Amino acid sequence: MIVETVLAILATFVSAFWIMVPAYVANAGAVPFGGGTPVDFGKNAKDGRRYLGDGKTWRGLIGGICVGVLFGLLQIFLATTFHWDWLPQHTIVTITALATGALLGDMVKSYFKRRSGKGRGEKWPIADMYDLVAGSLVLLAICAWPWVMEYITIWVFIAILIWTPLLHRGANIIGYLIGIKQVPW
Ligand code: CTP
Ligand code: MG
Ligand code: K
């Protein structure tokens, strides 16, 4: 009984992580690729502040999506080769939606962050990490609703909410230490 419960909880956390790998990798992958032309081409909105700011670049966007999808392809390869049938079975559609949605959510976040007067890289606690969760899951729901219904239970969703701050904190500290991120958050 206790063993089964522990295994079920573990499986929930592993499934949540497995689902989110393309999104987490895309988000982190944008950092080393970042630089060059900003997505908003340096333009200001009517309030005189940038639409998105210099932290959102085409290279980061495209590069991040590509590594996210690449990791997703690796997951599909591993799951099919080794018959990891108990894990959520990713498809080309789910990994692409998750990777793309993560970075679209991040840009929507930056749009509102600029409107609220916060500068590039300035801390904006909850929004700075759940932007990628909201973006990736919304796009996933749009592109693969039956898949979401099959794999994302309320418990998996809660596990995603728990994983996110842990991984976000860890990844940002690593990025800061190896010098590809300006601030440790
Ligand atoms: N990055 C990028 N393009 C993106 C997303 C991120 O080039 N679409 C790069 C930028 O170099 C950015 C870094 O990854 O500075 C960290 O990403 P993030 O924390 O999302 O951006 P911030 O610099 O904090 O900008 P903002 O305040 O707009 O969130
Ligand atoms: Mg930031
Ligand atoms: K972010």
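The values are calculated or read from the model by the stated rules, or taken from the named source; none is laboratory data. Note that the coordinates shown come from a computational prediction; the quantities given were computed from them, not determined experimentally. As a convention, Cβ positions derive from the backbone with ideal geometry for all residues, glycine included, and neighbour counts pool all protein chains shown. Accessible surface is based on the protein model in full, side chains and every heavy atom, while ligands, DNA and RNA are left aside. Shrake-Rupley method; radii C 1.70, N 1.55, O 1.52, S 1.80 Å.
Quick notes
- Conditions (1) modelled with pLDDT of 95 or more; (2) part of a helix (DSSP H, G or I); (3) within 16 Å of ligand 2 (Cβ to nearest atom); number of the one not met by V93: (3)
- Close contacts from region 130-147, counting a first residue that is farther than 13 Å from A99 by Cβ and a second that is surrounded by 21 or more Cβ atoms within 10 Å (Cβ to Cβ) and basic (K, R), with Cβ to Cβ under 6 Å and a gap of 6+ residues or different chains, come to D131/K109.
- Just one of the listed residues (V156, V133) is buried (at least 17 other Cβ atoms within 10 Å of the Cβ) and within 13 Å of ligand 3 (Cβ to nearest atom), and it is V133.
- Residues of region 1-48 that turn out to be assigned to a helix (DSSP H, G or I) and either surrounded by 12 or more Cβ atoms within 10 Å (Cβ to Cβ) or hydrophobic (A, V, I, L, M, F, W, C) (or both), as a count: 30
- Being in a helix (DSSP H, G or I) and open to solvent by 20 Å² or more (accessible area, probe 1.4 Å) is a property that does not hold for L52.
- Residue in region 58-68 that is at negative phi, within 17 Å of the chain's Cα centre (by Cα), within 16 Å of ligand 2 (Cβ to nearest atom) and open to solvent by 30 Å² or more (accessible area, probe 1.4 Å) present: no
- Taken as a whole, region 104-118 holds at least one residue that is open to solvent by 20 Å² or more (accessible area, probe 1.4 Å), away from ligand 3 (no atom under 16 Å from the Cβ) and assigned to a loop (DSSP other than H, G, I, E, B).
- Restricting region 159-185 to residues that are touching a helix residue (DSSP H, G or I) at 6+ places or on another chain (Cβ under 6 Å) and over 20 Å from M107 (Cα atoms), the residue that is surrounded by the fewest Cβ atoms within 10 Å (Cβ to Cβ): W163
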